[in-house]
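What follows is a short report on a single structure.
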Amino acid sequence: MSAKFSTLEEDDREPELPEEKGHKAMARADRRLSQGERESRFLVKRSEDYQVFDNVFDVPTLMTINQMVDDGIIKHVRGSLAAGKESKVYIAEAPDGSLRILKVYLTVSAEFKKRMQYIAGDPRFSDIKKGSRNLMTLWAKKEFKNMQAAHAAGVTVPAPISVQKNVLAMEFIGDSEGNSTPSLVQSDVTRDDYLQLIGQMSLLYQKARLVHADLSEYNVFKTDKGIMLFDFGSAVDIQHPNSKQFLVRDVINVNRFFAKRGIDVMDTARAVEKITGETK
């Protein structure tokens, strides 16, 4: 009986107008939006700064950058600075007006599979979970810790500021207009530059107990205050089983570059002894 009354009540209702049906359809469609899509729309509406990301990053990465804004690490993002196989680098402005670097590790990158040799065997990172996002987060954390150790040991590096998931914030090395300081490959170099670099590698090894493991003329700044190392993602603890092999490769790369520029360099064995302090 109740079912009959229910049917009669439904039949007695006035038919919906086409306009009302359209509004309800739109409301249903809006409710079907995933949480991720809602968050993405929120981020785009919140700030035009996110347009500089060129729709490259996924929602979790954008949310991480948004959290850095909320935490006062950055105020807004100015624009893109550099792009590589593993990461993209952006210039951001801090709340005090100073410039900072945001290094965003790409959450989908086959290149990282080749990088496992720099993590496996490092006693600081024994617990490695599967999944590309976990690996990106671990790599960002690894570079941040390496920079902290180097900075604390007195090695001249960009000051590390914060790391959240796959996004690393650090000091910007350049002028107030956002022009980055040139690397060695873009600079005129001298014998003093070479000796400074060997000295920085020695400090890194003996005090920070790290080997850069990816050192070349492309990741060394020549600043007004001297030589500065950067790009520490591959750096390993000296207890890593391949640390000496990586150190020798770093020395060979450095020597090759300076020798091509006509600078007198130490032989590889002598340079390694000087860096490690293991003189014979």
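The values are calculated or read from the model by the stated rules, or taken from the named source; none is laboratory data. Since the structure is predicted, the reported quantities are computational estimates derived from the model, not experimental observations. Please note: Cβ atoms are built from the backbone with ideal geometry, for glycine as well, and neighbour counts cover all protein chains shown.
List of remarks:
- Residue in the range 170-189 that is part of a helix (DSSP H, G or I), over 27 Å from residue 91 (Cα atoms) and at pLDDT 95 or above present: no
- Taking the criterion of being under 22 Å from the mean Cα position of the chain (by Cα) and in a helix (DSSP H, G or I), the residues of the range 202-217 that qualify are 204, 217.
- Given (1) within 20 Å of residue 139 (Cα to Cα); (2) modelled with pLDDT under 90, index of the condition residue 79 fails: (1)
- Members of the range 142-152 that are crowded, with 18+ Cβ neighbours inside 10 Å and touching a residue at least 40 places away in the same chain (Cβ under 8 Å): 142, 143, 146, 147, 149, 150
- Lone qualifier among 167, 155 - being surrounded by 23 or more Cβ atoms within 10 Å (Cβ to Cβ) and either within 15 Å of the chain's Cα centre (by Cα) or not β-branched (Val, Ile, Thr) (or both): 167
- Sole exception among (1) part of a strand (DSSP E or B); (2) in the same structural domain as residue 104 (by TED's automatic domain parsing) for residue 221, by number: (2)
- Of the residues in the range 54-62, not one is part of a helix (DSSP H, G or I), farther than 26 Å from residue 233 by Cβ, of a type outside the set (Asp, Glu) and modelled with pLDDT under 95.
- Residue pairs meeting the criteria (Cβ under 7 Å; at least 6 apart or on separate chains; first at positive phi and touching a residue at least 40 places away in the same chain (Cβ under 8 Å), in the range 175-188; second surrounded by 14 or more Cβ atoms within 10 Å (Cβ to Cβ) and of a type in the set (A, V, I, L, M)): 178/91; 178/99
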